[in-house]
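*Asks:* Questions regarding the structure given below will be posed in turn.
Read-outs throughout are calculated quantities, based only on the coordinates presented, and are distinct from any laboratory measurement. All values reported here derive from a predicted model rather than from experimental measurement. Counting neighbours? That spans all protein chains shown, and the Cβs are built from the backbone with ideal geometry, glycine included.
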Amino acid sequence: MSGVDLVVAGAGGGLAGALRAASHGLSVVVVDVDEHFRRGNNTSMSTAMIPGAGSRWQREAAITDSPDRFVADIMAKTHGQADERLARALASVSAPLVEWLADGVGLPMELVTDFPYPGHSALRCHTIPGRSGRAMLDHLARAASGIDMLVPARLVGIGDGAAVVEYPDGAREEIDCAAVLLATGGFGAAPDLVRRHLPEIADATYHGGEHASGDALRIGAGLGAATAFMDAYQGHAAVALPAGTLVGWATIMHGAVMTDRAGDRFGDETCGYSEYAAKLAARRGDHGWIVLDRRIHDACLPFQDFRDTVESGALHWAADTGELAETMDVEPARLEATLAAAGRAASGTASDPFGRTWWEAPLEPPYAAVRVSPCLFHTQGGLVVDQHARVLREDGTPIAGLYASGGAAMGVSGHGAAGYLAGNGLLPALGLAYLAADHLAGAAG
């Protein structure tokens, strides 16, 4: 293959970088190891939520927001641990990104206004109808149909102005290029790395892309790249069993509660779905339950993932708490006490023993219970990058021609799981790819 301006390794969020670079007139090749990338990577498994601070949709809805406010939310959620320079770069590009996805790529973006996500002080999450990462990635892939793609193929090395690609039969090809964007995902599919860096969630089910095995870390290490926040990750406590579909935290924000397998609540569920995965994993047993009602069921139907969960038969309906206890195989009196206490807190007649203050309304029969498992979704640590998505060495100098985005790069979630804000997986995936393309185009003149 003849030389190109940019090789993008990863056809998830990396497609945003490929499209943005092509819009600048740069020549691009996309490489992905998974021939089923439209369904098999973390972007496709998301709910397509992208924060955009100060977007036109917010202005139309009279919502006051700004990059500064978004940065403040990130720093508050991470207790000051996030890299503020990177947080500011992503917050600043967030509104231009979602507007470009609409105007430049044709995605039917819309602002989510039916409920707030934990940690966001303004309604700033944007998505597409159906709130499905699969649909979003399908659209990006169609938009990129004019860009050369090598699939399946894996980027295995970079050197001397060339990207080395390996095909399934073992054959290798060198592609001369000015730059490489590593968008290969994190290391959630590498159990040894997960156990080393994320021991608290290592025994939970991994619910992410099967090829997110640390390729960027390996390639970056060979080039002297620094890493950071390797203990950071996004967990999720709401993957339905046995279907493996995402119930979604919208159930909680609309008023549902979570219990352990004994029928006891064990915290303020609205603190966030990422940190609640580790909380659930630490309880006795291997699963928990989300209890909701008909109002919450109807409110969550805009999510394709929730509709998939309903269609799978994972919701078990019960006329009253006694029937619900039988379904959940818990002591009826215990479950009755749990739901009664939650009802008093939701109605405002008593404070919640776990400090939860966000309730839309008390639960009303009939009830539905969904058995859920704690999962690791994706890792949030990786190669150190600057505000242009350039990969940096330990001394802070950039490695010429090397960029990283998404799970390949460090995120803005601080350490552990508690600093994760909704959308702060997709924002670095698409936002850093967008910033990399803009920087490369500027450097190319």
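*Asks:* Using a Gaussian network model of the chain with C-alpha springs under 10 Å, which one of Gly209, Gly313, Gly185 is most mobile by mean-square fluctuation?
*Replies:* Gly313
*Asks:* Which residues' amide hydrogens lie under 5 Å from the amide hydrogen of Thr227, considering only partners 5 or more residues apart or on another chain, with H built in the peptide plane?
*Replies:* Val384
*Asks:* Residue by residue through the range 253-265, what is 3J(HN,Hα) from phi via Karplus (6.51 cos²θ - 1.76 cosθ + 1.60, θ = phi - 60°)? Round to whole Hz and write x for glycine and proline.
*Replies:* For the range 253-265, the Karplus-derived couplings read 5, 8, x, 6, 10, 10, 10, 7, 5, 8, x, 9, 6 Hz, x marking Gly and Pro.
*Asks:* Obtain the nm distance between the two label points defined at Leu223 and Asp395 by a simple spin-label model: each point lies 7 Å from its Cα along the Cα-to-C-beta direction.
*Replies:* So the label points at Leu223 and Asp395 sit 1.8 nm apart.
*Asks:* Compute the FRET efficiency between Arg307 and Asp169 as 1/(1 + (r/R0)^6), taking r as their Cβ-Cβ distance and R0 = 35 Å, and round to the nearest 0.05. Walk me through the intermediate numbers first.
*Replies:* Details: r = 40 Å, r/R0 = 1.15.
E(calc), rounded to 0.05, equals 0.30.
*Asks:* For labels at Asp160 and Arg195 in the simple 7 Å Cα→Cβ model, what's the distance in nm?
*Replies:* 3.9 nm
*Asks:* When the chain is treated as a GNM, springs tying every alpha-carbon pair under 10 Å, which of Ala282, Ala237, Ala144 comes out with the largest mean-square fluctuation?
*Replies:* Ala282
*Asks:* Find which of Ala277, Thr338, Ala350 sits farthest along the positive direction of the dipole of the range 235-375, computed with +1 on the beta-carbon of Lys and Arg, -1 on that of Asp and Glu, about the Cα centre.
*Replies:* Ala277
*Asks:* Just to be sure I understand the model, the point goes 7 Å from the Cα along the line to the Cβ. What's the resulting Ala61 to Arg85 distance in nm?
*Replies:* According to this spin-label approximation, the distance is 3.3 nm.
*Asks:* Along the range 411-420, what does the Karplus equation 6.51 cos²θ - 1.76 cosθ + 1.60 (θ = phi - 60°) give for ³J(HN,Hα), rounded to whole Hz, x for Gly and Pro?
*Replies:* x, 10, 9, x, 10, x, 10, 6, x, 6
*Asks:* I want to verify a result. In a Gaussian network model of the chain, Cα cutoff 10 Å, which of these has the top mean-square fluctuation: Gly244, Gly235, Gly348?
*Replies:* Of Gly244, Gly235, Gly348, the most mobile in the Gaussian network model is Gly348.
*Asks:* OK, next. If you count, for each residue, the other Cβ atoms within 10 Å and average over each peptide, how do 112-120, 130-138 line up from highest to lowest?
*Replies:* 130-138, 112-120
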